[in-house]
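Since every read-out is calculated from the coordinates, none of them should be taken as a lab result. As the structure is a computational prediction, the values presented were derived from the model and not from experiment. Because the Cβ atoms are built from the backbone with ideal geometry, glycine has one as well, and the counts that use them run over all protein chains shown.
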Amino acid sequence: MSTPFSNLINRVAVIRKTRRNHAFEHATAHVLARKVRALRVSGVSSPFGFVLLHNGTAEQGEQAAQEALEALKGGKKQLAIHPDCGTNLVTTGVLATLVGWIFLGGRRANPRNLHRALLGMIAAIYAGYPLGMKVQEHVTTDGEVGEMEIASLRTDTVNLPMWKRKFKVLWVRTQKA
Ligand SMILES: [Zn+2]
């Protein structure tokens, strides 16, 4: 979303590129979820692009990436936000820690304070999810991807013995982000 804060942090190229690639990664996961039943997906973004681990086929993953970028450029910015993003987890963890620290900090850790701190941390965990979605929207992703385009797409197959199945690794490099 274009806000003064977003415009400010986007002046740093490495941040802007990472935010746009992260939005692209989320959009690809959303599109892939429509193609693959019981999709399992996990991704990570960088200034250069993103990597998506998934249990679809190579074609499904690569098509999803192409369609996702088209959709973002067509204005479907809601695709940039993903409920399973690590941002939500980190936001929740930071908030709960902060609340616990505030309730306990500087006071003697008597049972009453501990009780209040735990209640506060539970409340923080509930608040963390919607807050995390906002942090995604305003900080860790940018659904307005500008002129960004796909520079290359590649899919590898990996065996994950602990999960007893094969996964695809989709490598997407972007340019003009
Ligand atoms: Zn994410």
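For the reader, a short list of remarks on this structure follows.
- Based on the Kirkwood approach, the hydrodynamic radius assigned to region 9-66 is 11.7 Å, with every pair of different Cα atoms included.
- Per-residue ³J(HN,Hα) for region 141-149, Karplus 6.51 cos²θ - 1.76 cosθ + 1.60, θ = phi - 60°, Hz, x for Gly and Pro: 10, 9, x, 8, 8, x, 8, 3, 9
- Calculated from backbone phi, Karplus (6.51, -1.76, 1.60) coupling profile of region 3-19 in Hz, x at Gly/Pro: 10, x, 5, 4, 5, 5, 5, 5, 5, 8, 4, 5, 6, 4, 5, 5, 4
- Cross-link check: pairs K17/K73; K77/K168; K17/K76; K76/K134 evaluated at a Cα-Cα cut-off of 23 Å; pairs beyond the cut-off: K77/K168.
- Packing-based order for 32-38, 21-27, using average beta carbon neighbours within 10 Å, highest first: 21-27, 32-38
- Taking T28, T18, T155 in turn, the Gaussian network model of the chain (Cα-Cα springs below 10 Å) assigns the largest fluctuation to T155.
- Structure remark: mean-square fluctuation, Gaussian network model of the chain, C-alpha springs under 10 Å; the largest value among V44, V139, V12 belongs to V12.
- Calculated from backbone phi, Karplus (6.51, -1.76, 1.60) coupling profile of region 66-79 in Hz, x at Gly/Pro: 5, 5, 5, 5, 4, 5, 4, 5, x, x, 7, 5, 4, 5
- The dipole here belongs to the chain: it is taken about the Cα centre, uses +1 on the Cβ of Lys and Arg and -1 on the Cβ of Asp and Glu, and is about 580 debye.
- Highest to lowest packing among 119-130, 60-71, 81-92, scored as the average C-beta count within 10 Å: 60-71, 81-92, 119-130
- In straight-distance terms, cross-link reach from K176 covers every one of the aspartates and glutamates whose alpha-carbon lies under 13 Å from its own, apart from those fewer than eight places away in the same chain; here that gives E144, E147, E149.
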